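Single-structure report; data block below.
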Amino acid sequence: MIINKYRLFVFSLLSLLLTTTTRSQSVEDSLRPSIYFQASTYTGYLYAHHRSMIYFIEDYTRGAQLRVGWRFNGSSDWEKAYRCPSAGVGYMISDFSNPSILGYGHAAFGYLDIPIIETNRFVWNYNLGAGLGYVSKKFHSVTNPNNTAIGSHFNAFLLITSGIEYRPTSKTSLGLDFGLNHYSNGNTDMPNWGLNTFFVMFGAKHKLDDRQKLSNTTVSKVTKKWENLIHFGLGYKEATPIDGTKNFVADIHYTIRKRFSHTNSWGGGVDLLYDGSMRKSVKYRAGQFYIAPDSISNPSLAKNFSPACHANWSMHFGKITFNIQMGLYFYNALDRIYFNRWILEVDVTQQVCLMVALKSHFGSADYVETGFVWKFNDCFNK
């Protein structure tokens, strides 16, 4: 079994991390980030959030994880506000409890590890990660019809964990985490119920240098100002019934948010959403699970548009901002009321950001979009 061999490799690496002492060169600047390596193994269960998934879940899910990262030293206000978090890149493998149908999941991701409470020996933290996932066996109507969970090899990968870390030495720590990972393609290829694994994970971490000193200066006072943004996003999706048709989606929305700290902003705005699959979905609903002919249902192009409004919460990490939005439709052709949007922004200039976003209806992904954000004059500031 691939997983068993990989877990043996991970445990061997854990032993190496716990027994190997690495010599490091002298560093004049003690604030330089210290590199660390981390290896973990985990077990959990694949959540059957749709009844069709119950039939192929056979056992507990097993997997492993490798990471390399560094800790920020607190040289900027956002680092100090988050209590000097760690960041890095990682790789995760999972057997999804049934490799014969679901194959194996591989994910490469970036992450941010944020301490909540920290002492010399113990840390309670939470961890956020995102990246690219690969599922080795996707749905195929002939060769793999039982995989009703995922219709693509390449998928978005999301990770969230929280746990306790114990430091027996200044360079080595042991960790116990509880978490969730998620594979989804955002309806770019149907089916897309997504794969959600809840797990418990044990691992070890080893630093190459324990001489890093964290800045003990206080956080400067934040300027509580308004920020105006317009998001432009494009993408595509498939919709039931599955026929391989790619439907264009677009989104433009205005958000005004106010910075209350170095880490958080709150605000809201208005939206205009376009979903090219809406006409097909209306005809499918009118036909009661088949596409109704135009003589029975012939919705206009206007049905593809949905005006809406949203509330916004932003978490700021230097040049990276993560937004969570809760939206309310003014009109939707399928009579939906609420939606969610998760947006990652990366600053290119002071006025322009690149962004990737996932729109969903609570636990059900709708589509993934990419685009840019324009920040214009702070007209609401005094």
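Report, by residue number, each residue of region 69-126 that is of a type outside the set (Gly, Ala, Ser), buried (at least 18 other Cβ atoms within 10 Å of the Cβ) and part of a loop (DSSP other than H, G, I, E, B).
Passing the criteria: Phe72, Asn73, Tyr82, Cys84, Pro85, Asp95, Phe96, Asn98.
If you take the residues in region 127-147 that are buried (at least 17 other Cβ atoms within 10 Å of the Cβ) and polar (S, T, N, Q), which one is modelled with the lowest pLDDT?
Asn147
State yes or no: is Asn264 within 30 Å of Ile35 (Cα to Cα) and surrounded by fewer than 18 Cβ atoms within 10 Å (Cβ to Cβ)?
Criteria met by Asn264.
Return only the number of the condition from (1) in contact (Cβ under 8 Å) with a residue 40 or more places away in the chain; (2) more than 16 Å from Ala239 (Cβ to Cβ); (3) of a type outside the set (A, V, I, L, M); (4) surrounded by 14 or more Cβ atoms within 10 Å (Cβ to Cβ) that Tyr329 does not satisfy.
Single failed check for Tyr329: (1).
Residue under question is Ile230, and the condition is that it be surrounded by fewer than 18 Cβ atoms within 10 Å (Cβ to Cβ) and within 23 Å of the chain's Cα centre (by Cα); does it hold?
Numbers: surrounded by fewer than 18 Cβ atoms within 10 Å (Cβ to Cβ): yes; within 23 Å of the chain's Cα centre (by Cα): yes.
Against the criterion (surrounded by fewer than 18 Cβ atoms within 10 Å (Cβ to Cβ) and within 23 Å of the chain's Cα centre (by Cα)), Ile230 qualifies.
List the number of the failed condition for Phe248; all other conditions in (1) in the same structural domain as Phe339 (by TED's automatic domain parsing); (2) in contact with an Asp or Glu (Cβ under 8 Å, 6 or more places away or on another chain) hold.
All conditions pass for Phe248, except number (2).
Those residues that are assigned to a strand (DSSP E or B) and either in contact with an Asp or Glu (Cβ under 9 Å, 6 or more places away or on another chain) or surrounded by fewer than 20 Cβ atoms within 10 Å (Cβ to Cβ) (or both), I need them from region 197-219; list them, please.
The initial filter retains those residues of region 197-219 that are assigned to a strand (DSSP E or B), namely 197-207.
Scanning region 197-219 gives Phe198, Phe199, Val200, Met201, Phe202, Gly203, Lys205.
If you go through region 220-253, how many residues are of a type outside the set (Ser, Thr, Tyr), in a loop (DSSP other than H, G, I, E, B) and under 26 Å from Gly269 (Cβ atoms)?
Qualifying residue count for the region: 3.
List, please: which pairs have Cβ atoms under 9 Å, are six or more places apart or on different chains, and start with a residue in region 47-61 that is free of Cβ contacts under 8 Å to residues at least 40 places away in the same chain and end with one that is exposed (fewer than 12 other Cβ atoms within 10 Å of the Cβ) and of a type outside the set (Ser, Thr, Tyr)?
Ala48/Ile54
Kindly provide the set of residues from region 351-375 that are aliphatic (A, V, I, L, M) and over 14 Å from the mean Cα position of the chain (by Cα), ordered by number.
Within region 351-375, Val352, Leu354, Val373 meet the criteria.
Take the residues in region 170-193 that are among the hydroxyl-bearing types (Ser, Thr, Tyr) and either in contact with a helix residue (DSSP H, G or I) (Cβ under 9 Å, 6 or more places away or on another chain) or part of a strand (DSSP E or B) (or both), then tell me which one is surrounded by the fewest Cβ atoms within 10 Å (Cβ to Cβ).
First pass over region 170-193, keeping only residues among the hydroxyl-bearing types (Ser, Thr, Tyr): 170, 172-173, 183-184, 188.
Remaining after also requiring either in contact with a helix residue (DSSP H, G or I) (Cβ under 9 Å, 6 or more places away or on another chain) or part of a strand (DSSP E or B) (or both): 172-173, 183-184.
Working: Thr172: 19, Ser173: 21, Tyr183: 26, Ser184: 24.
The extreme case among them is Thr172.
The values are calculated or read from the model by the stated rules, or taken from the named source; none is laboratory data. Owing to the predicted nature of the structure, the values given are computational and were not obtained by experimental measurement. Ideal geometry is used to build each Cβ from the backbone, glycine not excepted, and the neighbour counts take in all protein chains shown.
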